[in-house]
1. In the list K77, K100, K64, which residue meets the criterion of being basic (K, R) and within 32 Å of the chain's Cα centre (by Cα)?
2. Going by the structure shown, is I83 exposed (fewer than 10 other Cβ atoms within 10 Å of the Cβ) and of a type in the set (A, V, I, L, M)?
3. Quick check on my filter: what residues within the stretch 34-57 are under 12 Å from I83 (Cβ atoms) and either in contact (Cβ under 8 Å) with a residue 24 or more places away in the chain or not assigned by TED's automatic domain parsing to the domain that holds Q87 (or both)?
4. Filter the stretch 105-139 down to the residues that are of a type in the set (S, T, Y) and surrounded by 10 or more Cβ atoms within 10 Å (Cβ to Cβ), then identify the one that is nearest to F155 (Cα to Cα).
5. Tell me, yes or no, whether the stretch 87-110 has at least one residue that is within 30 Å of V51 (Cβ to Cβ), among the aliphatic types (A, V, I, L, M) and free of Cβ contacts under 8 Å to residues at least 24 places away in the same chain.
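The values are calculated or read from the model by the stated rules, or taken from the named source; none is laboratory data. Quantities reported herein were computed from a predicted structural model and do not represent experimental measurements. Cβ placement follows ideal geometry from the backbone for every residue including glycine, while neighbour counts extend to all protein chains displayed.
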Amino acid sequence: MLASRALSLITKCGISTCIQARGHSVAKVGASSLSPYYDRKDDPLTAVDFVEQLSREQKSLKEKEKSSWVSLSTDEKLKLYRIRFHQSFVEMNKGSNEWKSVIGGALFLIGLTGLYFAWQRVYVYADAPHTFSNEWKAKQTKRMVDMRINPIQGFASKWDYEHNKWKK
């Protein structure tokens with residue numbers, strides 16, 4: 001009972017693309033029911049033509065198409081092809097210059113990032129601490145050797161205390 005009530009609600013007001021006629025739904029057929037035109041190499045024959053609204057010249061050409069193709073000129077055959085298709089396989093396979101804009105955009109963003117880090121280096125970060133200076137490192141090394149830190153396998157084991165120089 002509940003399922004039939006839900007189904008009746010769905011078919012009556014839930015589907016906006018249907019017309020109710022005595023309990024039966026009839027689908028509307030319009031431009032949205034046809035697939036759009038596309039050029040693809042893997043599916044070359046589309047369901048719709050490239051040109052939807054034909055001019056008088058194109059209509060006469062379509063009538064002439066129904067007769068023998070021997071009577072058609074090369075230009076007319078090309079015009080008939082362009083009514084049906086937008087691009088040929090050669091035009092679809094032709095490379096584009098899009099890679100140039102992609103590389104340019106990537107390089108622009110890399111440059112912008114470099115400028116951002118340079119700005120941070122100058123204005124955000126403080127100067128390097130004094131413990132990074134070579135004088136401080138030399139004093140710290142001398143102090144560690146004098147204290148004989150890790151004399152068996154570590155730092156002080158590489159110092160020759162008799163000759164006051166590093167072992168080779």
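1. K100
2. no
3. Y37, D49, F50, V51, L54
4. Among residues in the stretch 105-139 that are of a type in the set (S, T, Y) and surrounded by 10 or more Cβ atoms within 10 Å (Cβ to Cβ), the one nearest to F155 (Cα to Cα) is S133.
5. The answer is yes, given that some residue of the stretch 87-110 is within 30 Å of V51 (Cβ to Cβ), among the aliphatic types (A, V, I, L, M) and free of Cβ contacts under 8 Å to residues at least 24 places away in the same chain.
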